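Below you'll find the structure, written out as structure tokens, and then a few comments.
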């Protein structure tokens, strides 16, 4: 591959005062170099984590797959993704196992390479670091000459900390189909390889651009003859600026053919992006947008939602005027407009993840200015899924088929909601750890401990949660997670399990889980079956044992104002799927004080009969016999939650406004700290 370098002044786009970079100081972006190989069976787990990081952090994250070392050596017709540059970089860093992540070439506790379980925490740490320089890049491809041209622009917003800086430019390619070993899911002959390092336009360690102070800029243009076997449509250009062989300050990636970081504007004033919602009330997210294109321009504003109940509504308001979605607006040169996203939940419980995106009509290849908003409303039971455990989330959702007020979210979003004090309505958590690392993190256990101390109930399941707190070589436990394991999960880790622990036997005498059948253990993670053996800490009691009855694998406890259920093996590992679902369902029922059908029917049986029936506008219920804070829930004939209403402690009569409901048969039930009562039927007829 022929590479050339041209030193330029400002290119025409910059000469017109449009810029590839923002002028205000920014924090660092992330460059994650994933050292991987087609014969590395654990590497697909690293790829899953990288995909989750890319989805979560968007343009602040750049991932590069560096195929190097013994696991990258192909056999027969297998693809060869090795490069001279990747081999040199792999040799420089202390790569001791694969996959390994080098993140911004920064040292974390003296280590430059990290196991996959540490990537998320390291990425978050880097994103909080300031950068002395902002970096922009644009790329073009001439199909006739097969020439790639990349222009970079660096603006120093502060003084470079030490020594000279280096600009590095490389190409990655995605959607290359080929062989990949996989210890969890089995070998793939047609694996979709993403972000594979193809080669550098600069030298391996970049080009020396000197030491700079605030206000100075650096422009460079590089060209490369693209090999014909590369699919340019699937290629991206990655540029980053760093110190020599260390400390990456900024990284950017753009499409190889027509990509650019052109700054079309700036968004500010978003406030807290994680908030609780309320039935029928708009949750407004206010912001401002400023045109930075140095000319009057049209912009398209789009608000998209993901996973929110279909009956929730969302709308865009600009300068006090409600607009369509999407909306096209004209913003004069340098002007600022007020942009509000209004998200309105209804009685349907759920979590809505929304993205407000602003694009330039005349600069379609420029990156969008976007911000995310998240609303939780009406959720009593929340499933929290760790990155890498998503495939098992349906087990938890299906197990609570009878719970209308449930929802699921990722660990990262759960922590953000909790830190924003947006989980006031959540009574119970179900944490799907499965076989992921780290099994617990400091930020997660901080909010879990606070949740439990305030009366929330927790079910948590997954193999190696205990081992991860053991202090063993390679474990990710910290003093905070180890303290949570003992003080809140009430467990002592005894030893790591094996495939010899191939059955689970529930305690027959246990009032909650004793009715569950025993089950064989599936090798869900290929031959990597390590169910934790634990000892309960008083007052916790055992609820599950393995093939050897001396080995305990689960416990439950009621401590003060909360309950906890902990399984050292995941429900996804049960060969009897009904048993796996039962582990979750019975946890839910016990949290609500229900351990049998009879108790379910008896819970809050004193709820009065609704009257009048048929009803037109209101339904009244005698609640004088119910004590403690209670929520009334109205369900339609299919079991969908239609209305909720809080009832104060010791209230005599509750009045439900049902005028908005269609004619039909409905039921109302009471939910409180001691359980969920039997439903009472009534009719609506207008």
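The values are calculated or read from the model by the stated rules, or taken from the named source; none is laboratory data. Quantities reported herein were computed from a predicted structural model and do not represent experimental measurements. Every residue, glycine as well, gets a Cβ built from its backbone with ideal geometry; the counts of neighbours run over all protein chains shown.
Please go through the range 295-324 and give me each residue that is part of a loop (DSSP other than H, G, I, E, B), crowded, with 16+ Cβ neighbours inside 10 Å and at pLDDT 95 or above, ordered by number. Give the derivation first.
Residues of the range 295-324 part of a loop (DSSP other than H, G, I, E, B): 295-296, 307-312, 319-320, 324.
Filter once more, so that each one left must be crowded, with 16+ Cβ neighbours inside 10 Å: 308-309, 312.
If the condition is that a residue be part of a loop (DSSP other than H, G, I, E, B), crowded, with 16+ Cβ neighbours inside 10 Å and at pLDDT 95 or above, then 312 is the only one that fits.
Screening 219, 286, 208 for residues that are in contact with a strand residue (DSSP E or B) (Cβ under 9 Å, 6 or more places away or on another chain) and not assigned by TED's automatic domain parsing to the domain that holds residue 104 leaves exactly one candidate, 286. How about the range 370-394: which of its residues are buried (at least 22 other Cβ atoms within 10 Å of the Cβ) and part of a helix (DSSP H, G or I)? 392 - this is the single residue of the range 370-394 that is buried (at least 22 other Cβ atoms within 10 Å of the Cβ) and part of a helix (DSSP H, G or I). Every condition in (1) closer than 20 Å to residue 475 by Cα; (2) more than 16 Å from the chain's Cα centre (by Cα); (3) surrounded by 17 or more Cβ atoms within 10 Å (Cβ to Cβ) is met by residue 437 except one, and the failing one is (2).
Counting only residues that are assigned to a helix (DSSP H, G or I) and over 21 Å from residue 434 (Cα atoms), how many does the range 578-593 have? Before the answer, list the steps.
To start, the set of residues in the range 578-593 that are assigned to a helix (DSSP H, G or I) comprises 578-591.
Remaining after also requiring over 21 Å from residue 434 (Cα atoms): 589-591.
Qualifying residue count, the range 578-593: 3.
Determine whether the range 163-185 contains at least one residue that is assigned to a helix (DSSP H, G or I) and buried (at least 22 other Cβ atoms within 10 Å of the Cβ).
So the first thing to find is which residues in the range 163-185 are assigned to a helix (DSSP H, G or I), and the list is none.
No; the residues of the range 163-185 include none that is assigned to a helix (DSSP H, G or I) and buried (at least 22 other Cβ atoms within 10 Å of the Cβ).
Any chance you could count how many residues in the range 455-495 are surrounded by fewer than 16 Cβ atoms within 10 Å (Cβ to Cβ), free of Cβ contacts under 8 Å to residues at least 40 places away in the same chain and assigned to a loop (DSSP other than H, G, I, E, B)? Count: 3. Going through (1) farther than 15 Å from residue 274 by Cα; (2) outside the structural domain of residue 462 (by TED's automatic domain parsing); (3) in a strand (DSSP E or B) one by one, residue 343 falls short only on (1). Would you pick out the residues in the range 266-291 that are under 23 Å from residue 330 (Cβ atoms) and surrounded by fewer than 21 Cβ atoms within 10 Å (Cβ to Cβ)? 266, 267, 268, 269, 270, 286, 287, 288, 290, listed by residue number.
Name the residues in the range 172-192 that are over 20 Å from residue 391 (Cβ atoms) and within 25 Å of the chain's Cα centre (by Cα), would you?
172, 173, 174, 175
For residue 564, indicate whether it is modelled with pLDDT of 95 or more, in the same structural domain as residue 426 (by TED's automatic domain parsing) and in contact with a helix residue (DSSP H, G or I) (Cβ under 8 Å, 6 or more places away or on another chain). Show your work before the answer.
Working: modelled with pLDDT of 95 or more: yes; in the same structural domain as residue 426 (by TED's automatic domain parsing): yes; in contact with a helix residue (DSSP H, G or I) (Cβ under 8 Å, 6 or more places away or on another chain): yes.
Answer is yes for this residue.
Please specify each residue of the range 139-162 satisfying the condition of being surrounded by fewer than 19 Cβ atoms within 10 Å (Cβ to Cβ) and assigned to a loop (DSSP other than H, G, I, E, B). Of everything in the range 139-162, those that are surrounded by fewer than 19 Cβ atoms within 10 Å (Cβ to Cβ) and assigned to a loop (DSSP other than H, G, I, E, B) turn out to be 143, 144, 145, 146, 157, 158, 159, 161, 162. Please indicate, with yes or no, whether at least one residue in the range 383-396 is in contact (Cβ under 8 Å) with a residue 40 or more places away in the chain and over 21 Å from the mean Cα position of the chain (by Cα). No, the range 383-396 has no match at all.
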